[in-house]
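In what follows, a single structure is set out as structure tokens and then discussed.
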Amino acid sequence: MPEATERPVRVRYAPSPTGDPHVGNIRQAIWSWLYARHTGGQFYVRLEDTDQSRSVPGSLERILESLRWLGIDWDEGPDIGGPYGPYTQSERLPLYREAADRLLAGDYAYRCFCTTEELAAMRERQKAEGTLPGYWGVCRDLDAGVVAERAQRGDPHVVRFKMPREGTTTFNDLLRGDITVENRTLDDMVILKSDQFPTYALAHPVDDHAMQTSHVTRGEEWLPSAPRHVRIWDALGYPRPTFVHMPVILGADGGKLSKRHGAKFVLEYAEEGYLPDALFNFLTILGWALDDHTEIFSHERLIEVFELNDISVNPATFDQQKLEWMNGVYVREHTPEDELAEMFARRLERELPPDVPRPIDRSLVEEFAPLIRERVRLLSEVTDLVDFFFQPEVTPPPAEIFLQKRWKDDAEGAASALDEAAKALDRLDDTGEWAHEAIEAVLRDLADRLELKPGDLFTLCRLAVTGKRITPPLFETMDIVGVGPTVERLRNAASMLRETASAGAR
RNA sequence: GCCCCCAUCGUCUAGUGGCCCAGGACACCACCCUUUCAAGGUGGGGACGGGGGUUCAAUUCCCCCUGGGGGCACCA
């Protein structure tokens with residue numbers, strides 16, 4: 001919680017353009033955004049593209065698209081600019097160079113000419129000997145004249161920060177309190193690479209200071225290097241920001257959620273039929289809680305109550321089943337009817353077989369939407385549940401599906417029951433009462449007359465009319481399918497059963 | 001190997017010294033409702049990792065152990 005005397009809240013999402021953001025990563029963006037909105041501060045996006053070799057073209061667009069899909073907006077960013085721009089690190093190179101020069105001049109940093117081979121050998125030796133890993137090389141104490149000469153000659157080199165060798169370093173993490181480490185464990189990390197690009201260790205303080213970031217929110221994997229970062233902030237003369245190291249998310253296998261450990265891209269969830277609000281809600285409460293009972297939150301409510309302090313520090317396991325449950329809650333309780341129909345329609349438009357004419361019938365979708373919303377957890381389940389509404393004819397399932405329980409070995413009985421149903425419904429139509437209540441009455445009456453358990457008759461009808469065992473409620477379904485197709489499908493199924501029976505008899 | 005962080009049901013969590021023989025949610029099981037499938041309802045099993053302290057009193061505070069996670073690049 002910022003006190004009145006503190007700076008206004010400015011937080012950021014600072015991804016690298018190395019591909020699509022996945023859920024582990026995006027939760028940090030959600031929490032940061034929530035905090036900015038909660039405090040009335042700003043949220044901005046900054047692209048950390050200082051490693052040219054790892055850059056994946058198109059990443060930025062995918063990143064922004066992921067944010068947009070989740071309903072996260074930004075006040076400043078690479079696409080829209082802002083008062084502290086540019087928001088792409090590769091466009092800010094002179095700033096880093098200048099900072100590095102300043103550190104060099106103040107004897108806070110030095111040029112290092114060690115080659116990658118030498119460094120690799122050093123690491124190997126440390127590993128073999130079990131000594132403290134890190135750069136404890138000779139360049140730190142190189143003679144000033146030699147350095148000047150080699151630099152002059154154009155020898156490739158990097159700039160390293162000179163960490164203190166004695167004493168301790170303490171910094172504060174909002175969620176964990178003070179953390180202190182021995183300086184002898186801090187090695188001299190590279191801040192400017194030989195290609196003149198900065199490393200994160202330099203770009204981060206330079207930008208977060210220049211962009212007035214109040215809270216440095218980042219993943220817990222940065223915790224071990226935070227003491228070194230803090231030293232650089234201090235050397236640069238920048239007041240330290242508030243550090244918030246957010247816990248990592250664990251995959252089902254117990255490892256940090258990443259592509260190797262089952263992480264999925266945000267947009268993959270869209271593809272698989274998750275609703276953005278459901279994913280947003282789920283991710284927010286994964287590792288954060290308001291109280292002992294609230295699980296479902298609107299964005300507005302979250303903005304109202306979200307506090308960084310309530311984030312729990314232990315890593316949470318991503319629970320796919322709970323996400324699915326929550327998506328179901330959103331489908332049936334937290335999405336307006338028309339929006340839901342729109343989502344169903346978009347899905348069907350894509351997934352229905354090509355012989356179904358496009359655009360698909362929207363009013364039809366609106367009719368059955370209320371029937372299926374409580375039996376759909378993921379949008380991807382929709383097509384399989386309702387495709388028969390769009391097909392002029394339905395192929396009945398094989399006879400053995402019909403001939404179960406009451407109908408075992410009684411194809412003729414089943415066929416005649418279907419014919420009776422067709423007849424009764426056809427008659428119902430003549431009276432002009434084609435509505436689900438009337439359909440139900442007629443079929444219940446028929447079951448009674450045939451001395452059948454209602455369920456035994458309904459099951460036959462369901463299979464005949466929809467071609468499936470699992471369907472929306474039967475009478476409403478028949479109502480929507482219409483009397484013509486309904487009667488026809490019942491008769492088709494009946495004759496199919498008789499044909500199969502006689503074929504089997506022969 | 002070294003450094004850092006963490007530790008309540010299978011999972012996510014509530015709990016900040018007595019309200020807790022620990023509450024909620026997902027998942028699981030049973031029953032109810034029922035035209036299938038869902039949804040819904042009711043009930044059930046299920047946790048404070050271990051050992052030392054501190055205290056009249058520890059899930060809550062301290063230490064050790066154990067366990068889990070993270071990090072040790074001219075990557076972020």
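The values are calculated or read from the model by the stated rules, or taken from the named source; none is laboratory data. On a predicted model such as this, the values are computed, not experimentally measured, just so you know. So basically every Cβ, Gly included, is an ideal-geometry build from the backbone, and we count neighbours across all protein chains shown. These accessible areas exclude ligands, DNA and RNA; they are computed on the full protein's heavy atoms, side chains included. Shrake-Rupley method; radii C 1.70, N 1.55, O 1.52, S 1.80 Å.
Would you mind working out the accessible area per residue for chain A, using a 1.4 Å probe, and quoting it in Å²? Provide the component values of the computation, followed by the final result.
Numbers: 23840 Å² over 506 residues.
Each residue of chain A exposes 47 Å² on average to a 1.4 Å probe.
What FRET efficiency comes out for A:Arg176 versus A:Glu366 if R0 is 51 angstrom and r is the Cβ-Cβ distance? Round to the nearest 0.05. Walk me through the numbers before you get to the answer.
On the way: r = 52 Å, r/R0 = 1.02.
Taking R0 as 51 Å, the efficiency between A:Arg176 and A:Glu366 is 0.50.
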Among DSSP beta bridges whose residues both lie in chain A, state the antiparallel percentage, nearest 5. 55
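About its Cα centre, what dipole magnitude does region A:337-386 give when the only charges are +1 on Lys and Arg Cβ and -1 on Asp and Glu Cβ, stated in debye to the nearest 20?
180
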Computed magnitude of the charge dipole of chain A (debye, nearest 20; Cβ of K, R +1, Cβ of D, E -1): 1840
Per-residue SASA entry for A:Ser53, accessible area with 1.4 Å probe, Å² rounded to 10: 100
Residues whose modelled amide H sits under 5 Å from the amide H of A:Thr317, counting only those 5 or more places away in sequence or on another chain, are A:Leu250
Could you tell me what percent of the accessible area of chain A is made up of carbon and sulfur, with a 1.4 Å probe and every protein chain present? 50
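Kirkwood Rh over alpha-carbon pairs of chain A, then Stokes-Einstein at 20 °C and 1.002 mPa s: what D in µm² s⁻¹, rounded to an integer?
Working: Rh = 27.8 Å.
Roughly 77 µm²/s, to the nearest whole number.
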Positive-pole candidate from A:Val386, A:Pro354, A:Leu371, dipole of region A:337-386, charges at beta carbon: A:Pro354
Given backbone amide H placed at 1.01 Å from N, residues whose amide H is under 5 Å from that of A:Ile311, ignoring those fewer than 5 places away on the same chain, are none
What accessible surface, in Å², does a 1.4 Å probe find on A:Trp69, ignoring ligands, DNA and RNA and rounding to the nearest 10? 60
Neighbourhood charge, 9 Å Cβ-Cβ cut-off, centred on A:Phe475 and excluding it, Lys, Arg +1 and Asp, Glu -1: -4
Return P(r) of region A:337-386 (all Cα-Cα pairs; 10 Å bins starting at 0; whole %; ordered from short to long distances). 27, 63, 11
Calculate the FRET efficiency for A:Gln320 and A:Glu91 from the Cβ-Cβ distance with a Förster distance of 25 Å, rounded to the nearest 0.05. 0.05
So what is the relative contact order of chain A, in percent, for Cα pairs below 8 Å that sit 6 or more residues apart? 12
Return a whole-number percent for the relative contact order of region A:224-308, with Cα pairs under 8 Å and 6 or more residues apart as the contact set. 13
Range of Cα positions in region A:264-310 per principal axis (Å), largest first: 32, 18, 17
Working out 0.36 nm times the residue gap between A:Glu295 and A:Glu221, then minus their Cα-Cα distance, what length gain in nm do you get to one decimal? 23.9 nm
Answer with one residue from A:Pro397, A:Ala99, A:Ala270: the one whose Cα lies farthest towards the positive end of the charge dipole of chain A, charges on Cβ with Lys, Arg +1 and Asp, Glu -1. A:Ala99
Kindly point out, ordered by number, any Cys in chain A whose beta-carbon has no other cysteine beta-carbon under 4.7 Å away. A:Cys114, A:Cys461
Considering only the other residues whose Cβ falls under 9 Å of the Cβ of A:Gln42, what net charge follows from Lys and Arg at +1 and Asp and Glu at -1? 0
Assign one of three labels to region A:78-223, namely rounded, prolate or oblate, based on the Cα gyration tensor with a ≥ b ≥ c the square roots of its eigenvalues; rounded applies when a/c is under 1.5, prolate when it is not and a/b is larger than b/c, and oblate otherwise. oblate
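Expressed in nm to one decimal, what extension gain is obtained for the pair A:Glu351 and A:Asp429 from 0.36 nm per residue of sequence separation less their Cα-Cα distance?
Computed gain between A:Glu351 and A:Asp429 is 24.8 nm.
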If you take every residue apart from A:Thr168 with its C-beta less than 10 Å away from the C-beta of A:Thr168, what net charge results, scoring Lys and Arg +1 and Asp and Glu -1? -1
Please work out how much accessible surface A:Glu98 shows to a 1.4 Å probe, ignoring ligands, DNA and RNA, in Å² rounded to 10. 120
Whole-Å distance, taken between Cα centres, linking region A:191-236 and region A:248-288: 27
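What size of dipole, in debye to the nearest 20, comes out for region A:353-450 about its Cα centre when the only charges are +1 on Lys and Arg C-beta atoms and -1 on Asp and Glu C-beta atoms?
360
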Please compute the length gained on full extension between A:Asp187 and A:Glu381, using 0.36 nm multiplied by the number of residues separating them and subtracting their Cα-Cα distance. 64.5 nm
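Share of antiparallel DSSP beta bridges in region A:157-278, in percent to the nearest 5? Write out the running numbers ahead of the final one.
Numbers: 10 of 16 bridges.
Rounded to the nearest five, the antiparallel share is 60 percent.
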